[in-house]
Amino acid sequence: MIDPKRMRSLKEGKQKKGKVLYWMSRDQRTKDNWALLASQEIAMRREAPLEVCFVLADTFLNAPLRAYDFMLKGLVLVARELQEFRIPFHLLSGNPPETLAHFIRDHSVSTLITDFDPLKIRRKWKEDLAEKISIPFHEVDAHNIIPCWKASDKQEYAARTFRPRVHRLLPLYLTPFPELKTHPFNETSTSPGFSVSETLSGINCDRRASPLKWLEPGTDNAFKTLSQFLENKLEGYPERRNDPGLDGLSDLSPFLHFGQISPQRVALEVSMSTCPVQSRDAFLEELIVRRELSDNFCYFNPNYDSVSGYPSWAQDTLDRHLKDTRPYVYSMDEMEEGNTHDKLWNAAQRELICKGKMHGWMRMYWAKKILEWTESAEKAHSTALSLNDRYELDGRDPNGFTGIAWSLGGVHDRAWPEREIFGKIRYMNIRGASRKFDLQRYIRYTESLG
Ligand code: FAD
Ligand code: FO1
């Protein structure tokens, strides 16, 4: 039985006989997917067919070609896996509310389930769709271990206020997954296939960031990446994670962003590893507390993508320093090309462009320098967001909106001693970086990226 607390109703609707449809969006996987498991449970109870669809929307938050390439290659594998469970998969395209309303009518769908996402674009799609349909419409949080609306009923101030809630609820939610079953009530299991290259050529998206080669998409590759991390990197994670010149991170974020692996599965595997407890705890703090805190911020703060989402002390302090002299001011183009006086920052920008995944420690430094080198927080915010979401493979994600709001606007942080331009926003500089890690090693590494 799927824990009812993971599912909530978006629309009661009138129950009738007919197919159950899972509208897959954030959690693009067959394995360990609570939304898919709940959909199958409802279909089994009614001895009804079960189908899955994904609606391809053009220019999703200015997503680049490299993101659509990674995502579509993952979806081809999802379609194949679903076929093994005799569950048809439909790749639809167009504006999701209209496209889905037609599909539901034409395929006599009796119940609709979708996965949770705190981003405004997805919530708008669901609102618009709910007005067009009259069948029951449910939502399942398959992305957070603790459903976002269960973890807290308000925007949390900081990790330290969110962490106790998470640790209290984890035993209830960090549970093993039931297996998906071969579905007995589908007449056909065949899905209308699709080709990645053809689909990609039809998408109207930003083509500046080309597809990446260093990371293969899909659930199997996510699991390979996870086991490599568990075997070789988890033990040294606390010591190595803040040195961008070392390969100390899990590299799971692109798979987590596209939902190709369940964070709950990652947490279960990490918890069972024989690594020292402080390594496991350090990683789970990021994977669970930090990541689910980002969903909390985006879900409860409608201005998660702008300066007005910052706490008032941060907005005031940035306002007070608006007129401070900026020794350096760079345009978006100069920053995009990595053409500044700061070789460390240019290296981070090179990693972003060439690898599509900037090291986590550098993302803080990188964003804070954008604040220092632009004439206002508003301009800095939109510059950081555009570059982040144009090039990061894991971009267009609550973690990104929150990471930028933390760096520029003190979200989930505290006030620091006041200074030029930053006011009381936490400051970072190259001297601090050189105390933490070998700058040249990181710069040399990014030069090797091409
Ligand atoms: P690991 O250190 O191995 O972490 C494992 C997982 O824990 C990550 O995949 C992520 O899900 C979670 N995690 C780790 N650090 C954070 C964090 N600071 N906040 C929230 N979750 C975290 N993350 C994105 O997924 N997409 C983004 O677009 C993004 N933009 C960012 C922008 C800025 C300015 C900052 C400061 C952070 C940003 N982050 C973003 C958060 C973090 O840097 C990345 O999640 C992390 O570097 C991904 O690499 P990894 O999976 O190898 O990290
Ligand atoms: N979700 C969809 O339902 N349809 C899309 O066409 C789509 C495109 C897309 C492109 C890049 C990207 O990073 C994410 C994309 N997503 C899409 C959403 C994604 O699956 C996540 O739901 C959110 O980005 C994270 O909250």
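The values are calculated or read from the model by the stated rules, or taken from the named source; none is laboratory data. Because the structure is a prediction, the values reported are computed rather than measured. Here Cβ is always computed from backbone atoms with ideal geometry, including for glycine, and neighbour counts include all displayed protein chains.
In region 341-352, is there at least one residue being closer than 22 Å to F297 by Cα, in contact (Cβ under 8 Å) with a residue 40 or more places away in the chain and within 16 Å of ligand 2 (Cβ to nearest atom)?
no
Do you know which residues across region 246-262 are within 16 Å of ligand 2 (Cβ to nearest atom) and surrounded by fewer than 22 Cβ atoms within 10 Å (Cβ to Cβ)? Please lay out each step first, then the result.
Just the residues of region 246-262 that are within 16 Å of ligand 2 (Cβ to nearest atom), to begin with: 252-262.
Result: L252, S253, L256.
Would you point out which residue out of R419, R414, R435 is surrounded by fewer than 23 Cβ atoms within 10 Å (Cβ to Cβ) and in contact (Cβ under 8 Å) with a residue 40 or more places away in the chain?
Result: R414 is the single residue among R419, R414, R435 that is surrounded by fewer than 23 Cβ atoms within 10 Å (Cβ to Cβ) and in contact (Cβ under 8 Å) with a residue 40 or more places away in the chain.
Mind listing whichever residues of region 383-410 are over 21 Å from S253 (Cα atoms), touching a residue at least 60 places away in the same chain (Cβ under 8 Å) and more than 10 Å from ligand 1 (Cβ to nearest atom)?
Correct list: G409, G410.
So, S191, is that one modelled with pLDDT of 95 or more and surrounded by 16 or more Cβ atoms within 10 Å (Cβ to Cβ) or not?
On the way: modelled with pLDDT of 95 or more: no; surrounded by 16 or more Cβ atoms within 10 Å (Cβ to Cβ): yes.
Judged against the criteria, S191 is not a match.
Considering only region 169-188, how many residues are surrounded by 11 or more Cβ atoms within 10 Å (Cβ to Cβ), more than 21 Å from P88 (Cα to Cα) and of a type outside the set (S, T, N, Q)?
Count: 6.
Check off (1) more than 16 Å from ligand 1 (Cβ to nearest atom); (2) out of contact with any Asp or Glu (no Cβ under 8 Å at 6 or more places or on another chain) for N204 and give me the number that stays unchecked.
Evaluating N204 over (1) more than 16 Å from ligand 1 (Cβ to nearest atom); (2) out of contact with any Asp or Glu (no Cβ under 8 Å at 6 or more places or on another chain) leaves (2) as the failure.
Looking at region 28-60 only, could you name the residues that are closer than 30 Å to R207 by Cβ and within 16 Å of ligand 1 (Cβ to nearest atom)?
Q28, R29, F60
Here is a yes/no grid of residues against (1) away from ligand 2 (no atom under 16 Å from the Cβ); (2) under 19 Å from the mean Cα position of the chain (by Cα); (3) free of Cβ contacts under 8 Å to residues at least 60 places away in the same chain:
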| residue | (1), (2), (3) |
| --- | --- |
| A48 | yes, no, no |
| C53 | no, no, yes |
| F60 | no, yes, no |
| F70 | no, yes, no |
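So L212 fits all but one of (1) touching a Gly at 6+ places or on another chain (Cβ under 8 Å); (2) of a type in the set (A, V, I, L, M, F, W, C); (3) more than 29 Å from N62 (Cα to Cα); what number is the exception?
Of the numbered conditions (1) touching a Gly at 6+ places or on another chain (Cβ under 8 Å); (2) of a type in the set (A, V, I, L, M, F, W, C); (3) more than 29 Å from N62 (Cα to Cα), the odd one out for L212 is (3).
Of all the residues that make up region 358-386, how many are within 25 Å of R123 (Cβ to Cβ) and surrounded by fewer than 22 Cβ atoms within 10 Å (Cβ to Cβ)?
Within region 358-386, the first condition is being within 25 Å of R123 (Cβ to Cβ), and the residues that meet it are 378, 381-382, 384-386.
Checking which are surrounded by fewer than 22 Cβ atoms within 10 Å (Cβ to Cβ) leaves us with 378, 382, 386.
Total satisfying the criteria: 3.
Which of the residues that make up region 269-300 are of a type in the set (A, V, I, L, M) and more than 15 Å from ligand 2 (Cβ to nearest atom)?
V270, M272, V277, A282, L284, L287, I288, V289
Tell me yes or no: at least one residue of region 226-244 is aromatic (F, W, Y), touching a Gly at 6+ places or on another chain (Cβ under 9 Å) and surrounded by 16 or more Cβ atoms within 10 Å (Cβ to Cβ).
Yes - at least one qualifying residue is present in region 226-244.
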